[in-house]
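Below is one structure, written out as structure tokens, with a few remarks after it.
The values are calculated or read from the model by the stated rules, or taken from the named source; none is laboratory data. Being a predicted model, the structure only gives us computed values, none of them experimental. All Cβ positions, even for glycine, are placed from backbone atoms using ideal geometry, and neighbour counts span all protein chains on display. We work out accessible area using only protein heavy atoms, side chains counted, and drop any ligands, DNA or RNA first. Shrake-Rupley method; radii C 1.70, N 1.55, O 1.52, S 1.80 Å.
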Amino acid sequence: MFAAIARLANTRPRRVLVFVVIAFALFGALGAPVSGLLTNGNDSFLDPNSTSIQATDRIEDATGQDAVPSVIAIMKIDDTAAISEATNTLKADKDVAQVVGGPTMGKDFVSKNGTKTYVAAFYRSSASVEKTTIRLSDKLDEIKGVTVGGIGPAFKQVGEQVEKDLIKAELIAFPLLFVVALWVFRSAISALLPLLVGGLTIVTTLTLLRGINEILDISVFALNLVTGLGLGLAIDYSLFLVSRYREELERSGPGPEAIRRTVATAGRTVAYSAVTVASAGVALMVFPLRFLYSMGIGVALVSLVSAAVALIVLPSVFAVLGHRVNSLALKRWHVARQAEARAEHTGFWYRLSQFVMHYPVRIALIGTALLLALGAPFLGIKFTGVDATVLPDSASARTADTILRSEFTNADNSPIVISAEAPASAKKEVAGFTAVIAERNHVKSVADPVFVGHDTWRIDVTTEGRGLADSSTALVKDIRSLYSPFPILVGGESAQHVDQLSSIGSRLPLALAIIAVGTIVTLFLMTGSVVLPIKALVMNVLTVSATFGILVMIFQDGRLQGFLGYTSQGALESTQPVFLFAVAFGLSTDYAVFLLTRIKEARDAGASDKEAVALGIQRTGRIVTAAALLFAIAIGTFATSEIIFIKELGIGTATAVLIDATIVRALLVPSLMALLGHRNWWAPDRLRIIHRRIGLSEG
């Protein structure tokens, strides 16, 4: 395959580039509308097969309407015009089954100080939640004096904010990346190549996502990942290929041989690095939550597409440009690049690695202790879900949520909803069970049970805390453990959060196994060792644990709120650790592949074990550090997002990459390589035979 890629680049480079231009225009047109086609709703974070979903489905089947209101409109109680217009607007919509609220319906719909009231709309079960919410929100927003909230508008505003944040991140990332890439590549032409590969990667992946969305619902949140990860990986792979091509230019000059060797070495590494990242995406696909499997599809697609684009486009560019790949560079950049190439045995990274290997035990202990200390706060992690509190304070749904929780007595629009399977004649038994529930801890009130038809009773329980509070989720577990004379199902926001955590926990071992197997197999094929993959697993775990600890200190403990522009939820969104573990693990292995193959190349060329490590780190130190810095910029711009869990995604991924490229690659790798010496390359005889047959190497 790699020989064919090199041959194509050497024989028909201009045809390849013309094809790329046409493909870019076509994919750009097809992929551009994808943001409006992807799914945006609270069910992106729910397990569709959980009992909490079954509970509300049973009630909705019996009543023909949603179990909880989707849209809420809050007005001043003396603004009769606004109250009347909002109520009539909701009642007139064909997809609204029921409207409740207003000052005439009792004290529950009047604020504690008597100044505000609200009305709530329940959709028909057959309604399209997204379309109905957009239609009603637009109409209600036009009514003066109305604050629009509820779960429907909250997720509509989250989706809109995600799109705005995406544009803002791109506007920040592209110029900043070019400036930093100019410093890293020391050539304007070379600095433009990663942005070219990144742009092609993004539009191609968006087009593929659009096609997959026709078969399987994809969450809109995957767009941020595709953009950030696409840019980051495109930069990584471009940097690897360009740096290797420059080496081959110095060795053999421009021509077919330089391109052939570049593709056969760095190109091979890029391909298998992409496989390691894609395996992390596959691990996320085992989760039934749409958010996680959408992210998994995005990770797998963008990693493979970025590698494919880099391998197809860059060799053809090299064939056309030759030495001009270094064009538009200051004279001192040329001098610095040549000096760096000559300083293989005296450069900074060579000297650093020699120093580390001179004190391997002490430095290994210091590096490990530092990562463990950073990861310690993770032991106290708390989890929360996605609701209106992830929105900025300026969002109407966030404002409405705050008003409902602070100014109304029983306005929690997310009660625990119990579906009891019993005939209408079982009123006495249902009432008795309701009385038992009312005596449980953390219960604020219990509504009278209502028979909704089809042998189904509905019991609403209002909790002392908000829906995602620990007390509310504890109450869900308590109710589920109670003896009941008839089958019950517990639903609502609190129960959904309990089931979400349970669903993630049940699939986590399989996801971890996929990641571990993918890492071990890939690194074994690249190195022929079983020791190095195991070491990589351990170091990746240390990197991820340190990242989680930092996220807990920032987002759970509420540090840097002013600087980062967010309000802490007092916990981390429950899908983020899973996502970050998979992606950070894949990216750490990505860098490990690049470093270890260069170490093996030096060792295979006759260098001693320690010398091979020093040469490998010198040859990759600046490249890996620069790649990590550029990747951190590409994904880290999502720290500017107004959505909390998108901030977590950006900061967490960037932190993991930077930790891996500095503490792990500069300190732990050389120290542990020095401690184990030739034992780093051990493998059983049978596996050695397998590696000789199907193994791969940089050389």
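State yes or no: is A369 free of Cβ contacts under 8 Å to residues at least 40 places away in the same chain and closer than 28 Å to T655 by Cα? Even if it seems obvious, please write down each step before you answer.
On the way: free of Cβ contacts under 8 Å to residues at least 40 places away in the same chain: yes; closer than 28 Å to T655 by Cα: yes.
Yes.
Quick one: which of I488, I479 is at pLDDT 90 or above, out of contact with any Lys or Arg (no Cβ under 6 Å at 6 or more places or on another chain) and closer than 25 Å to T384 by Cβ?
Numbers: I488 fails: closer than 25 Å to T384 by Cβ.
The conditions single out I479.
Please indicate, with yes or no, whether at least one residue in the range 518-533 is surrounded by fewer than 19 Cβ atoms within 10 Å (Cβ to Cβ) and within 27 Å of the chain's Cα centre (by Cα).
yes
Condition first: within 18 Å of D66 (Cα to Cα), part of a loop (DSSP other than H, G, I, E, B) and in contact with a helix residue (DSSP H, G or I) (Cβ under 7 Å, 6 or more places away or on another chain). Now tell me which residues in the range 442-451 satisfy that.
Keep residues of the range 442-451 that are within 18 Å of D66 (Cα to Cα), which gives 447, 449-451.
Still in the running and part of a loop (DSSP other than H, G, I, E, B): 447, 449.
Within the range 442-451, just P449 meets the criteria.
Only one of these conditions is not met by L542: (1) touching a Leu at 6+ places or on another chain (Cβ under 7 Å); (2) open to solvent by less than 10 Å² (accessible area, probe 1.4 Å). Which number is it?
For L542, the exception is condition (2).
Can you find even one residue in the range 669-687 that is among the small types (G, A, S), touching a residue at least 24 places away in the same chain (Cβ under 8 Å), open to solvent by less than 10 Å² (accessible area, probe 1.4 Å) and part of a loop (DSSP other than H, G, I, E, B)? Walk me through it before giving the result.
First, pick out the residues of the range 669-687 that are among the small types (G, A, S): 671, 674, 677, 683.
Checking which are touching a residue at least 24 places away in the same chain (Cβ under 8 Å) leaves us with 671, 674, 677, 683.
The next check asks that each one be open to solvent by less than 10 Å² (accessible area, probe 1.4 Å); those that pass are 671, 683.
Remaining after also requiring part of a loop (DSSP other than H, G, I, E, B): 683.
Checked the range 669-687: at least one residue is among the small types (G, A, S), touching a residue at least 24 places away in the same chain (Cβ under 8 Å), open to solvent by less than 10 Å² (accessible area, probe 1.4 Å) and part of a loop (DSSP other than H, G, I, E, B).
Inside the range 173-191, can you point out the residues that are outside any helix (DSSP H, G or I) and either closer than 30 Å to M75 by Cα or open to solvent by 40 Å² or more (accessible area, probe 1.4 Å) (or both)? Please lay out each step first, then the result.
Applying the first criterion (outside any helix (DSSP H, G or I)) to the range 173-191 yields 186-187.
Passing the criteria: only R186.
Which one of E170, E248 is open to solvent by less than 20 Å² (accessible area, probe 1.4 Å), modelled with pLDDT under 85 and among the acidic types (D, E)? Please lay out each step first, then the result.
On the way: E170 fails: open to solvent by less than 20 Å² (accessible area, probe 1.4 Å).
So the residue among E170, E248 that is open to solvent by less than 20 Å² (accessible area, probe 1.4 Å), modelled with pLDDT under 85 and among the acidic types (D, E) is E248.
Do we have E642 as open to solvent by 10 Å² or more (accessible area, probe 1.4 Å), within 20 Å of T575 (Cα to Cα) and of a type in the set (D, E, K, R) here? Break it down stepwise before answering.
Values: open to solvent by 10 Å² or more (accessible area, probe 1.4 Å): yes; within 20 Å of T575 (Cα to Cα): yes; of a type in the set (D, E, K, R): yes.
It is true that E642 is open to solvent by 10 Å² or more (accessible area, probe 1.4 Å), within 20 Å of T575 (Cα to Cα) and of a type in the set (D, E, K, R).
Can P194 be described as without any contact (Cβ under 8 Å) to a residue 60 or more places away in the chain, part of a helix (DSSP H, G or I) and farther than 30 Å from P288 by Cβ? Walk me through how you get there before you give the answer.
Numbers: without any contact (Cβ under 8 Å) to a residue 60 or more places away in the chain: no; part of a helix (DSSP H, G or I): yes; farther than 30 Å from P288 by Cβ: yes.
No; evaluated as a whole, the condition is false for this residue.
Do you know which residues across the range 422-441 are assigned to a loop (DSSP other than H, G, I, E, B) and open to solvent by 90 Å² or more (accessible area, probe 1.4 Å)? First the steps, then the outcome.
Restricting attention to the range 422-441, the residues satisfying the condition of being assigned to a loop (DSSP other than H, G, I, E, B) are 422-423, 439-441.
Correct list: E439, N441.
So in the range 251-276, with the set limited to residues that are open to solvent by 10 Å² or more (accessible area, probe 1.4 Å), in contact (Cβ under 8 Å) with a residue 24 or more places away in the chain and part of a helix (DSSP H, G or I), which one is farthest from S306 (Cα to Cα)?
Selected residue: P256.
Condition check ((1) surrounded by 23 or more Cβ atoms within 10 Å (Cβ to Cβ); (2) polar (S, T, N, Q); (3) assigned to a helix (DSSP H, G or I); (4) touching a helix residue (DSSP H, G or I) at 6+ places or on another chain (Cβ under 8 Å)) across all residues:
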site	(1), (2), (3), (4)
D108	no, no, yes, no
G114	no, no, no, no
I143	no, no, no, yes
Q161	no, yes, yes, no
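Of the numbered conditions (1) open to solvent by 20 Å² or more (accessible area, probe 1.4 Å); (2) more than 30 Å from M285 (Cβ to Cβ); (3) not in a loop (DSSP other than H, G, I, E, B), V461 fails exactly one; give the number of that condition.
Against the list (1) open to solvent by 20 Å² or more (accessible area, probe 1.4 Å); (2) more than 30 Å from M285 (Cβ to Cβ); (3) not in a loop (DSSP other than H, G, I, E, B), V461 comes up short only on (1).
Write out, first by first residue and then by second, each pair whose Cβ atoms fall under 8 Å of each other, whose residues are 6+ apart or on separate chains, and whose first residue, in the range 466-482, is in contact (Cβ under 8 Å) with a residue 12 or more places away in the chain while the second is part of a helix (DSSP H, G or I) and exposed (fewer than 15 other Cβ atoms within 10 Å of the Cβ).
Filtered contacts from the range 466-482: L482/V436.
Under the condition of being crowded, with 24+ Cβ neighbours inside 10 Å and either without any contact (Cβ under 8 Å) to a residue 12 or more places away in the chain or among the polar types (S, T, N, Q) (or both), which residue from the range 225-245 is farthest from R598 (Cα to Cα)?
T227
Taking T434, is it in contact with a Pro (Cβ under 7 Å, 6 or more places away or on another chain) and either at pLDDT below 90 or of a type in the set (S, T, Y) (or both)?
Values: in contact with a Pro (Cβ under 7 Å, 6 or more places away or on another chain): yes; either at pLDDT below 90 or of a type in the set (S, T, Y) (or both): yes.
Yes.
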